[in-house]
1. How about the range 51-125: which trypsin sites (Lys or Arg not before Pro) there are in a DSSP loop, with at most 16 other Cβ atoms within 10 Å of their Cβ?
2. Please arrange Thr3, Thr333 by counting, for each residue, the other beta carbons lying within 10 Å of its beta carbon, fewest first.
3. Per residue of the chain, what 222 nm ellipticity follows from adding -39500 (n - 2.57) for every DSSP H run with n ≥ 4, rounded to the nearest 500?
4. Relative contact order (percent) for the range 124-282, with alpha-carbon contacts under 8 angstrom and 6 or more residues of separation?
5. Sort out the exposed loop GluC sites (Glu not before Pro) in the chain (DSSP loop, at most 13 other Cβ within 10 Å) and tell me the longest stretch that has none.
6. Where both residues lie in the chain, what percent of DSSP beta bridges are antiparallel, nearest 5?
7. Which order results if Ile231, Ile51 are arranged by neighbouring Cβ count within 10 Å, fewest first?
8. What percentages make up the Cα-Cα pair-distance distribution of the range 37-107 when the bins are 5 Å wide from 0?
Amino acid sequence: MSTHSDILVIGGGIAGISAAARLAADARVTVLEAEPVIGHHSSGRSAAIFIRNYGNATLRALNAASAPFLAAPEGVAETSLLSARGELLLATEDDMARFEAYLDGSDGLERLSPAQAVGLVPILRQEAIVAAAIEWDAQDIDVDRMLQGFARKLRGHGGRVVTGAAVQSVSRRDGLWSVETPAGSFTAPVLVNAAGGWADAVAKMAGARPLGLQPLRRSAALIPAPEGYDITSWPLFANAGDQWYAKPEAGKLMISPADEDPVDPHDVWADDMVVAEGLHRYEQAVTTPVTRVEHSWAGMRTFAPDRSPVVGFAPEADGFFWLAGQGGYGMQTAPALSQLTADLCLGRLSSLHQGVIEALSPARAALNFQQGQST
């Protein structure tokens, strides 16, 4: 006996849960999550920061669209999901081209002198800094409160989350998608593919065209705060060439090598050598050595070939909806992408600019080109 819904969502990360919550007010929605809990993979391992200027032009538009909700998350949390942090970008001579490209078209970035940068983060080597800039409005995101708030909203509207429901097969017959899982069989006319690193695998099972989505490993390590310093108010500070970044985290420093190593989708772990190399690069920029690593971990950031998310109905598979390829931007774009998903699935007009919607479409020219198809 199958459980029938109006919309099935595959994936219980922030993308799937937030979209399902938006949909559940007007449709019967079931979320299928392979793991025992929601948010186990990328959503549970996020750097948890909102950076308005992070990403390409499409992503910056999504960041701007998400900001009002993160500040006033009506129906999800009683108070803002954001708290002050800031992002300090640091450039060596070799990083200047990328530094200037990042600042081009940015909103709210202020250039700083090397001395001003050291004033914000006193352990920085001033002689290693050629240029610096700060985004004062970059803010920490309370990731767990957002995820759990959307989950409550979903259930409050009668939606269901089924855990331990790894997808075994997907088929379509008589206008309905049928998904087989260890937790049972589920049917719906609309299937939302929010499976993160597994999104292309789900598409193949459904007979939809895979889009060349690539999971990339991103590692991180937690180290003690530098002795003698109060790091509470330090901004996130990062190398403009994506060699490393550091962020205060519960009285300690989280350091990431900013790695992007291609991996097959799985429950990823940190590579000790990658972490060690990243920590070495970080040490070249600061005056305090890394004495020990207290904990290390890794997560997957899944990108489309053009590094923009993929959101919309697949042109070749009726009722198959893509919500994938969020890369490292999933948390800060979830409010905008979940609203767009609900609007498109329910046939409503979106407040997003049409150019942004087209840039997210699975039918966009960049994805056709990457797959060797003519447009």
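1. Numbers: sites: Arg52, Arg60, Arg85, Arg98, Arg111, Arg125; in loops: Arg52, Arg85, Arg125.
In loop regions of the range 51-125 (DSSP not H, G, I, E or B), the sparsely surrounded trypsin sites (Lys or Arg not before Pro) are Arg125.
2. Working: Thr3 16, Thr333 27.
Ascending number of Cβ neighbours within 10 Å: Thr3, Thr333.
3. On the way: 10 runs with 103 residues, N = 375.
About -8000 deg cm²/dmol.
4. Numbers: 197 pairs, mean separation 23.7, N = 159.
Relative contact order for the range 124-282 comes out at 15 percent.
5. Working: sites that count: Glu74, Glu78, Glu227, Glu294, Glu316.
In short, 79-226.
6. 70
7. Details: Ile231 17, Ile51 22.
The most exposed by this proxy come first: Ile231, Ile51.
8. 3, 13, 17, 20, 22, 13, 7, 4, 2, 0
Every number in this text was worked out from the coordinates using simple rules, so none of it is lab data. What you see is a predicted model, and the numbers here were worked out from it, not measured in a lab. Glycine gets a Cβ as well: all are built from the backbone with ideal geometry, and neighbour counts include every protein chain shown.
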